[in-house]
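Only one structure is covered here, and it is reproduced in the block below.
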There are 2 protein chains.
Amino acid sequence: MARVGLTAERLTRAGAELADEAGFDQVTLSALARSFDVKVASLYSHVRNSHDLKTRITLLALEELADRVSAAVAGRAGRDALAAFADAYRDYAREHPGRYAATRFALAPEVAAASAGGRHAQLSRAILRGYHLREPDQTHAVRMLGSVFHGYISLEAAGSFSHTAVDSQESWDWTIDSLDALLRTWTTDTTTADRTGR
Amino acid sequence: MARVGLTAERLTRAGAELADEAGFDQVTLSALARSFDVKVASLYSHVRNSHDLKTRITLLALEELADRVSAAVAGRAGRDALAAFADAYRDYAREHPGRYAATRFALAPEVAAASAGGRHAQLSRAILRGYHLREPDQTHAVRMLGSVFHGYISLEAAGSFSHTAVDSQESWDWTIDSLDALLRTWTTDTTTADRTGR
DNA sequence: TGTATTTGCCTAAACCCTATAGGCAAATTA
DNA sequence: TAATTTGCCTATAGGGTTTAGGCAAATACA
């Protein structure tokens, strides 16, 4: 019985590819075993179980994505940085839908703490640095940006924006412009009363 | 063999409850059969298959949610309407996490066309009526609002906002205020160049 | 280099979920 | 009351997960 040379890493990479091709929830140990022409039970020497495999794919995706976002925003500021940041997420989601879906997988707290999740949070705050927000506004803004981008990406992936004639790219640009404008109002004018006009 | 009196409707309602308790992807025909103390095969007389059941739960959730949102925004305008709209979605997601998750289930195009999805789109546009946006800005704004609210709700549900001391309710209010302010800039000043300051 | 140990992949088996076919009895209709 | 429809059943097959235990290939060590 020749050995195929499985490792947790190879399984994780193959799992990530399968996720992109068939969807993250189609990633099963059975499918993976088939793709390596190996019996399912053999995989249990390398990953603890199905959940463990998904966790590993999630960690891989979080790292990859953080690397991309990090490279995209390097040397940029203001609207430029904001757009690069947003595009990095969206492009990744479009190129790697399964991996992007994996980044939504609920990790165990200890695992999450050791993941690239922290880098994402830092990157988000780095983008806002140029807008000079004070706490707690900065936290509010981090949450809002995360919400908009993640929301847009998932609705777009679900096909929610393909019913009308308006191009999705236009709405995306409009959204980034709007967020930039919004954040800039905070830069120069920091009282809520004035900002909201109430 | 006494009959239990199953119907597609009863299965759908029980499925929705199960979704809220255990998660939408824990909704299985097996679990449902157990809860009715009936054999699994019996369910196939009432629903075509597992996918059909999930579709029915999705349609139920979309209707319920549209009813709630519709009632919430009735008689309101401006920021008031915007907040009522947003809160209706968020409250529903918090009270019925499984049903809210169901609203993200990908429906077949014909089914989606006959669903309450259209009502949601109309409600969204109704909110914007008070801000007097022209096309295609209105469409952009509809997409942005959908993105923010859906994104916020799903990130919040995933626990993404429970790592810092800042209260999630505050960020939510801040976000709604920000969106209101943003939309109001469009009301009085409609050229992109001026709005973004580029 | 030969032997001991570890490690990788295997078979076997149990459990759960989905789905179809075909049967019998309860409910409905005539 | 008889005929028909309908609801729930048993049986069966297929796919995914997971554990236990075995044999052989790779590795370590004398």
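The values are calculated or read from the model by the stated rules, or taken from the named source; none is laboratory data. A quick note: this is a predicted structure, and the numbers were derived from the prediction, not measured. Cβ placement follows ideal geometry from the backbone for every residue including glycine, while neighbour counts extend to all protein chains displayed. Note: accessible area is taken over every heavy atom of the protein model, side chains too, but ligands, DNA and RNA are not part of it. Shrake-Rupley method; radii C 1.70, N 1.55, O 1.52, S 1.80 Å.
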(message) Could you compute the net charge surrounding B:Arg68? Neighbours are other residues with a C-beta less than 13 Å from the C-beta of B:Arg68; K and R count +1, D and E count -1.
(response) -2
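Using the Cα atoms as the points, what is the convex hull volume per residue of region A:50-193 in Å³? Walk me through the numbers on the way to the answer.
On the way: hull volume 17.7 nm³, N = 144.
Each residue corresponds to 123 Å³ of Cα convex hull volume.
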(request) Using a 10 Å cut-off on Cβ to Cβ distances, tally the other chain neighbours for every residue of B:130-141 and report the average as a whole number. (result) 3
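Cα-based Rg of region B:1-89 per 2.2 N^0.38 Å, rounded to two decimals? Spell out each step's value before the answer.
On the way: Rg = 16.9 Å, N = 89, 2.2 N^0.38 = 12.1 Å.
Rounded to two decimals, the normalised Rg is 1.40.
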(message) Do any residues of region A:155-175 show a loss of at least 20 square angstrom of accessible area between the isolated chain and the full protein assembly, using a 1.4 Å probe, and if so which?
(response) A:Leu155, A:Phe161, A:Thr164, A:Val166, A:Glu170, A:Ser171, A:Trp174, A:Thr175
(request) For helix B:78-95, report the angle its Cα long axis makes with the longest principal axis of the Cα atoms of chain B; keep it between 0 and 90° and round to the nearest 10°. (result) 30 degrees
(request) Distance between Cα centroids, region A:6-27 to region A:77-139: provide it in whole Å. (result) 23 Å
(request) Quick one: pull the percent of accessible area on chain B belonging to carbon and sulfur, 1.4 Å probe, ligands and nucleic acids left out. (result) 52 percent
(message) With every protein chain left in place and a probe of 1.4 Å, what is the accessible surface of B:Ser70, to the nearest 10 Å²?
(response) 50 Å²
(message) If you count only protein heavy atoms and use a 1.4 Å probe, how large is the accessible surface of B:Tyr44, to the nearest 10 Å²?
(response) 120 Å²
(message) Using a 7 Å offset from Cα along the direction of the beta-carbon, what are the separations from A:Glu135 to the same position in each other copy, nm, ascending?
(response) 4.7
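Report Rg/Rh for the protein assembly as shown, rounded to two decimals, where Rg is the Cα radius of gyration and Rh the Kirkwood radius. Each step should come with its number before you reach the end.
Numbers: Rg = 22.8 Å, Rh = 22.9 Å.
When Rh is taken as the Kirkwood radius, the ratio is 1.00.
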(request) Let me know the mean shielding of A:176-186 by other chains, meaning the per-residue number of their Cβ atoms within 10 Å of its Cβ. (result) 5
(request) Rank B:Ser115, B:Ala165, B:Ala181 by how far each Cα sits towards the positive end of the charge dipole of chain B (+1 on Lys, Arg Cβ; -1 on Asp, Glu Cβ) and give me just the farthest. (result) B:Ser115
(request) In whole Hz, with x marking every Gly and Pro, tabulate ³J(HN,Hα) for region B:150-167 from phi via Karplus 6.51 cos²θ - 1.76 cosθ + 1.60, θ = phi - 60°. (result) 4, x, 4, 4, 6, 5, 4, 5, 7, x, 5, 9, 10, 8, 9, 6, 5, 5
(request) Starting with the highest mean, order A:88-97, B:104-113 by the number of other Cβ atoms within 10 Å, averaged over the residues of each peptide. (result) A:88-97, B:104-113
(request) Please work out the average accessible area per residue across the protein assembly as shown, using the 1.4 Å probe convention, and give it in Å². (result) 49 Å²
(message) Let me cross-check A:Ile127: its accessible surface, 1.4 Å probe, with only protein heavy atoms counted, in Å² to the nearest 10?
(response) 10 Å²
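Leaving out ligands, DNA and RNA, calculate the buried accessible area for the pair B and A with a 1.4 Å probe, summed over both sides, in Å² to the nearest 100.
Numbers: alone 11210 and 11230 Å², together 19220 Å².
It comes to approximately 3200 Å² buried between B and A.
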